[in-house]
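Since the structure comes first, as structure tokens, the remarks are kept for the end.
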Amino acid sequence: MTPLRILVVDDHIVVRTGLKALLATQADISVVSEAANGQEAIDKVKEHQADVIIMDISMPVMDGIEATRRIIANDPSAKILALTVHEDKQFFFSMLAAGARGYISKQAAPQELVAAIQHVASGAIFLQPDQATWLVEEYRRLAHEASKPRHATPTIPAALAATEANQAAMLSHREVQVVELVAAGLTTPEIAQQLHLSPKTVSRHRERIMQKLNVRSSVELVKFALRSGIANLDISPPAPNQR
């Protein structure tokens, strides 16, 4: 029997080493490569025919959500298992929306991780009990929304709204402030002035935000802010300096 080929993606070398040591004890599993961030993962996927990609979420350069989204966009058949310390709904739903086929906590027992890898490799979906509960609850919520009178239905699909709300929840407090001010029409220098930051720092925040939300322009960012409820339309740009 040919062993399952695994690509391990995590920014902590101790975690990668531990995973490789654990999986080396399994006769039917072989770690063929590893990556320290999402961008490296995308590059390694092109080099290795991995059966399952074990993907961390919070990583430098490119996080696991964006990496998953790009890998799946290039190869919809790719099988990605999220292995993360994040045991909360926003990361869970964001990874599912990006295309992951499984989600498991780093607190899970070794045998549960092995089972998760085998499930995902077979084409099945792997969820832990708490995550299955979240999924059922979200399904019921969406079903309830769909049963409301048509005039009360949101202007965009409820599933999309839920996904965007979860993405918005991943932004830091500072990033939310930047998005609000972008949506209010402020320029980068005006945002810098209002938040007491340098324009360069604001630009870095915007770049990071656009990576997290997978948007490519300020127009798309404003649309996202309005749809997700981030935008505070009461925000007014600072008054121009008197000369």
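What percent does the relative contact order of the chain come to when contacts are Cα pairs within less than 8 Å and at least six residues apart? For the chain, the relative contact order is 14 percent.
Relative contact order for segment 4-134: 21 percent, from Cα pairs under 8 Å spaced at least 6 residues apart, divided by residue count.
Multiply the residue gap between T187 and K106 by 0.36 nm, knock off their C-alpha separation, and tell me the result in nm, one decimal place. Each step should come with its number before you reach the end.
On the way: separation 81, 0.36 × 81 = 29.16 nm, distance 4.13 nm.
Difference between extended and current length: 25.0 nm.
For A115 and A24, the FRET efficiency from 1/(1 + (r/R0)^6), where r spans their Cβ atoms and R0 equals 22 Å, is about 0.80.
About its Cα centre, segment 1-150 has a charge dipole of approximately 420 debye under the convention of +1 per Lys or Arg Cβ and -1 per Asp or Glu Cβ, with nothing else charged.
In order along segment 217-226, the Karplus-derived 3J(HN,Hα) couplings, from 6.51 cos²θ - 1.76 cosθ + 1.60 at θ = phi - 60°, round to 8, 5, 4, 5, 5, 5, 4, 4, 4, 6 Hz, and Gly and Pro are given as x.
The modelled label-to-label distance between T2 and R216, using points 7 Å beyond Cα along the C-beta direction, is 3.5 nm. Spin-label pair I125-Q39: with each label point 7 Å from Cα along the Cα-Cβ axis, the two points sit 3.3 nm from one another.
Can you order the peptides 128-141, 83-96, 199-212 by their average number of other Cβ atoms within 10 Å per residue, highest first? Display every interim value, and only then the final one.
Numbers: 128-141: 13.4, 83-96: 19.6, 199-212: 16.6.
Packing proxy ranking, top to bottom: 83-96, 199-212, 128-141.
Entry note, the chain: the mean residue ellipticity at 222 nm calculated from DSSP H runs of n ≥ 4, each adding -39500 (n - 2.57), is -16500 deg cm²/dmol after division by the residues and rounding to the nearest 500. Of all lysines in the structure, the ones whose alpha carbon falls short of 28 Å from that of K44, not counting any fewer than 8 places away in one chain, are K20, K79, K106, K212.
Against the main long axis of the alpha-carbon atoms of the chain, helix 129-147 sits at an angle near 50°. The largest-to-smallest principal axis extents of the Cα set in the chain are 76, 47, 30 Å. Placing one identical point scatterer on every Cα of segment 171-228 and ignoring solvent, what is log10 I(q)/I(0) from the Debye formula at q = 0.13, 0.19, 0.20 Å⁻¹? Here the Debye-derived log intensity ratios amount to -0.26, -0.57, -0.64.
Neighbour counts of other Cβ atoms within 10 Å put L197, L113 in the fewest-to-most order L197, L113. Globularity index of segment 4-134 is 0.93 (Cα radius of gyration / 2.2 N^0.38 Å, N = number of residues).
Please determine, in degrees from 0 to 90 and to the nearest 10, the orientation of helix 89-98 with respect to the longest principal axis defined by the Cα atoms of the chain, where the helix direction is its Cα long axis. Around 80 degrees separate the two axes.
Note on L226 and A143: their simple-model spin labels are 3.4 nm apart, each label 7 Å out from Cα toward Cβ. Of interest is the spacing of the C-alpha centroids, which for segment 1-23 and segment 74-135 amounts to 16 Å.
Throughout, read-outs are computed from the coordinates displayed, never taken from laboratory work. A quick note: this is a predicted structure, and the numbers were derived from the prediction, not measured. Don't worry about glycine lacking a Cβ; one is built from the backbone with ideal geometry, like all the others, and counts go over all protein chains shown.
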